[in-house]
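Only one structure is covered here, and it is reproduced in the block below.
The values are calculated or read from the model by the stated rules, or taken from the named source; none is laboratory data. What you are looking at is a predicted structure, and each value in this text was computed from that prediction instead of being measured. Using ideal geometry, Cβ is built from the backbone for each residue, glycine included, and neighbour counts are taken over all protein chains shown.
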Amino acid sequence: MKKILLGLLLITSISSYAQKTVLLKCGKILDTKAGKILEDQFILLKGNSIVSVSAKASKADTTIDLSNYFVMPGMIDAHTHVLLQGDITSEDYDVQVLKESIPYRTLRASKSAEQSILNGFTTIRDLGTEGAGFADVDVKKAINKGVITGPRMQVATLAMNTTGHYPLKASDYAWEIKMPKGVIEITGADEARRAVRQQIEQGADWIKIYADRGYYRLADGSFRSLPNFTAEEINAIGDETLRSRKKLAAHAMTRDGILAAINAGAISIEHGSGMDEECMKLMAAKGIYWCPTLFVNDYVAEGRAKIGSPINLYFQQSMEATFKKAIQLGVKLTYGTDIGGYDWGLPQAKDFTYFVQWGLTPIQAIQTATTTAAELLGMQDKIGEIKAGAFADIIAIKKDPTKDISALQNIDWVMKDGKIYKH
C-alpha cells in the first residue's frame, strides 16, 4: 500500500510540474509572419508550448522579465554539419575522415550541437555526416532524450554521389588501400534506390545528393560543371525519396546540377553559387528553396586559391549580383550556413549580414531563418513564430537586430521547448 501511495504521489507531482505555467514579460516581440514589431507583450507558456501572446498579463506560476530585450522565435539553420569542424583544404577534410574515429567525431558533434543552440539556432537541418555513418541520427536521439544539449534536428545521414566522384579519392593514396568515403556512392538506378531505402531505414529525414562537380568559369563569366548522375540515376533517387514521403536536397553549383536536381524532385538547392537566370526562373516558378551559404564560400576561397583551386574566388566575385538577381526574380530564400564546413567557433549568424548588405531588410533576412525555413522543414505553425500552439522556442537579445543585423551574432537568452539554455 505504501508503494502504491508513493507512486500516486510521484505521478501527481510530475503531473503538477508539467502543468506549471510561465509568463514572459517582453519589451519588444518580432511577429515574423506579419513582419511587425509588437511592444509590451506577454507570452504565456505551458510545458513546451506557447499558450497565448497578448498585451495583457495572465496569471502564471513563474514570471520572467524580458522587458529590456528584443524577443523573437528561435532561429533555424537549414544547412549544417555537426560532424565536421572546418575544412579549407582537402587535407583538412581527410584528417577528420582518416584520423578521427566516428565516436570521437560524434563527441565533438555534441559540442557543435550545443554551440548551435547557444547561438540562438533552436532547429537545424544537418545535411550529411561526411564519412561518419549514421552518427547524426545518434546525436538527434541524444538531444531528444535529454542526454546532451542541442537544437531539434532533421538529418540527412549519408549524402549520395556516384562512384569515384567524391573524397576521399583513391588516386590520392596507395591504390591497394580501400579508402573510406565521405558519402555513399552508387552506380546505376537500382543502387540509387537501394541507397535511399537504406538511409531512410536508418533514420534519415532528408536525402541529400551531390548533383555536380568540376566547376569552371567560361569566358563570358557564366559557370558550368560536370553532372554527377545519369538521368536514370538521379530520377530514381528523386522517385524513391518522394514515394517514401521524404524530401530531397541537392548540393548543386551550376545549371548542370541545378536543373537536373529540380527535375528529379529536389525541393532545396544548396549553395547554387554559379546559377544562371534560367535556374532562377525555374526555381521561382516551382517554389524551390535556395540555401546560398555565403560566408563559408568567403571562408574557404583564399586558402583554396593558394593551393590551385580559384573557383571559390570566382564565385565570391559574382555572388552579390547572383543573389540580387535571384531575389529580383522571386527565388525563395532560406537561411543556411554550411557551418562545420567552417569552424564552429565562428559566427553562425554571419550570413544575415550579406543578406542585408545585398538588399533585404533586416526583418526579411530574419524571416529566411524563421517562417521560410519552417516551411522548408514542414514545421510551419510549430517553429519560426511566436504564436499559440507553437513550440516554446524563443530567444532574446539586448540589441535590436532590425536596426543592426549583426546583433544576431550575440544572443543573450535562449529557450527551447520551454527550457532555458542560456541566461
query = For the range 251-341, which fully contained helices (runs of 4 or more DSSP H) count at least 2 residues that are in the same structural domain as D94 (by TED's automatic domain parsing) and over 23 Å from K208 (Cα atoms)?
reply = 294-306, 311-328
message = Could you tell me how many of the residues in the range 198-217 are surrounded by 15 or more Cβ atoms within 10 Å (Cβ to Cβ) and either of a type in the set (S, T, Y) or in a helix (DSSP H, G or I) (or both)?
response = 4
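For the range 96-145, give me each residue that is among the acidic types (D, E) and on the phi < 0 side of the Ramachandran plot. Explain how you work it out, then say what you get.
In the first step, residues of the range 96-145 are kept if they are among the acidic types (D, E); the result is 100, 114, 126, 130, 136, 138.
Passing the criteria: E100, E114, D126, D136, D138.
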message = Anything in the range 41-69 that is farther than 19 Å from V414 by Cβ, more than 29 Å from the chain's Cα centre (by Cα) and touching a residue at least 24 places away in the same chain (Cβ under 8 Å)? List them, or say none.
response = A57, S58, K59, A60, D61
Residues of the range 352-387 classified as farther than 17 Å from G35 by Cα, in contact (Cβ under 8 Å) with a residue 12 or more places away in the chain and either among the basic types (K, R) or part of a loop (DSSP other than H, G, I, E, B) (or both), total = 4
request  = Taking D220 as meeting all but one of (1) touching a residue at least 24 places away in the same chain (Cβ under 8 Å); (2) acidic (D, E); (3) not in a helix (DSSP H, G or I), write down the number of the exception.
outcome  = (1)
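Could you check, for the range 229-237, whether at least one of its residues is assigned to a loop (DSSP other than H, G, I, E, B), buried (at least 24 other Cβ atoms within 10 Å of the Cβ), over 22 Å from the mean Cα position of the chain (by Cα) and in contact (Cβ under 8 Å) with a residue 40 or more places away in the chain?
Filtering the range 229-237 for residues assigned to a loop (DSSP other than H, G, I, E, B) gives 229-230.
Now narrow it down to the ones that are buried (at least 24 other Cβ atoms within 10 Å of the Cβ): 229.
Then drop every residue that is not over 22 Å from the mean Cα position of the chain (by Cα), which leaves 229.
Next cut, in contact (Cβ under 8 Å) with a residue 40 or more places away in the chain only: 229.
Yes, that holds for at least one residue.
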Tabulated pairs, the range 264-276, first of a type in the set (K, R), second assigned to a loop (DSSP other than H, G, I, E, B), C-beta under 8 angstrom, 6+ apart or interchain = none
query = Does the range 104-119 include one or more residues that are within 22 Å of K181 (Cβ to Cβ), of a type in the set (D, E, K, R) and in a helix (DSSP H, G or I)?
reply = yes
query = Restricting the search to the range 96-125, which residues are buried (at least 18 other Cβ atoms within 10 Å of the Cβ), farther than 24 Å from I411 by Cα and not hydrophobic (A, V, I, L, M, F, W, C)?
reply = Q96, R105, T106
Answer from A211, A204, A266 - the residue that is more than 23 Å from G330 (Cβ to Cβ) and either under 24 Å from the mean Cα position of the chain (by Cα) or among the small types (G, A, S) (or both) = A204
